[in-house]
1. For the range 47-85, give me each residue that is in contact with a strand residue (DSSP E or B) (Cβ under 6 Å, 6 or more places away or on another chain), buried (at least 16 other Cβ atoms within 10 Å of the Cβ) and not in a strand (DSSP E or B).
2. Quick check: anything in the range 186-195 touching a strand residue (DSSP E or B) at 6+ places or on another chain (Cβ under 8 Å), in the same structural domain as residue 217 (by TED's automatic domain parsing) and surrounded by 15 or more Cβ atoms within 10 Å (Cβ to Cβ)?
3. Go through (1) in contact with a helix residue (DSSP H, G or I) (Cβ under 8 Å, 6 or more places away or on another chain); (2) at pLDDT below 95; (3) assigned to a helix (DSSP H, G or I) for residue 42 and report which single condition fails.
4. Looking at the range 201-222 only, could you name the residues that are within 13 Å of the chain's Cα centre (by Cα) and crowded, with 23+ Cβ neighbours inside 10 Å?
5. Take the range 130-149 and flag every residue that is surrounded by fewer than 18 Cβ atoms within 10 Å (Cβ to Cβ), part of a loop (DSSP other than H, G, I, E, B) and in contact with a strand residue (DSSP E or B) (Cβ under 7 Å, 6 or more places away or on another chain).
6. I'd like to check something: does the range 98-107 contain any residue that is modelled with pLDDT of 90 or more and buried (at least 18 other Cβ atoms within 10 Å of the Cβ)?
């Protein structure tokens with residue numbers, strides 16, 4: 001009976017508390033709020049040195065923002081970082097680790113900068129080449145499509161001279177034997193991709209001999225090499241066929257001459 005009476009009193013008290021609160025269930029004040037996940041602690045980074053040895057990255061953790069700023073100083077550039085790329089640079093993904101020191105010249109500095117940014121889905125884009133103004137753009141951000149549309153125009157030779165540079169470029173490849181439309185259709189399975197990083201756009205210029213390529217320079221260089229190799233193979237095949245036809249025609253001429261001589 002005592003237990004039943006106590007249970008009834010507790011139930012009545014609970015109903016009274018609910019009535020005072022307007023029928024709402026309120027979480028007790030002494031329940032602790034869930035702890036927020038603590039931000040990842042960034043490792044201590046080392047400083048990049050510019051001196052008589054060129055652009056020197058010491059062994060250790062390198063902040064990509066430090067790399068961008070020091071590369072701009074060394075190359076005499078101005079590099080703007082758009083907001084989505086800035087979020088990555090300020091996160092743990094903005095830190096890379098060098099196991100060994102590395103000394104670079106100006107060309108090597110540019111290639112390393114473009115490669116490390118590319119590795120984190122960012123691109124070094126030319127804003128004004130004459131004024132040496134550049135921009136770091138995140139390839140999943142709002143500026144990604146515009147950055148690819150404004151790719152720097154370069155000749156195939158300029159691209160092949162620096163096949164490791166990872167910057168957006170556009171070029172025209174002139175073919176001697178293969179038709180441009182045929183080349184574009186053949187390249188489609190190899191050049192398509194689901195992201196800006198894994199894609200080279202291939203188009204024709206309204207002629208039978210010109211293919212337009214747009215993408216990152218190191219990938220465009222591979223496509224240029226593939227096109228030229230295929231065009232050379234086609235030329236060799238056509239040359240061999242032409243030589244065979246010439247030989248057969250000469251054989252026919254010789255046979256006719258022999259037949260005429262026998263008739264005489």
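The values are calculated or read from the model by the stated rules, or taken from the named source; none is laboratory data. Since the model is a prediction, treat every value here as computed from it, not as a measurement. Because the Cβ atoms are built from the backbone with ideal geometry, glycine has one as well, and the counts that use them run over all protein chains shown.
1. Hits for the range 47-85 are 48, 68, 72, 74, 77, 82, 84, 85.
2. Yes, there is a match, as at least one residue in the range 186-195 is touching a strand residue (DSSP E or B) at 6+ places or on another chain (Cβ under 8 Å), in the same structural domain as residue 217 (by TED's automatic domain parsing) and surrounded by 15 or more Cβ atoms within 10 Å (Cβ to Cβ).
3. (3)
4. 215, 216, 217, 220
5. Within the range 130-149, 132 is the sole residue that qualifies.
6. yes
Let's see how each residue does on (1) within 25 Å of residue 108 (Cβ to Cβ); (2) over 11 Å from the mean Cα position of the chain (by Cα); (3) modelled with pLDDT of 90 or more:
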| site | (1), (2), (3) |
| --- | --- |
| 136 | yes, yes, yes |
| 165 | yes, no, yes |
| 168 | yes, no, yes |
| 171 | yes, yes, yes |
| 184 | no, yes, no |
| 192 | no, yes, no |
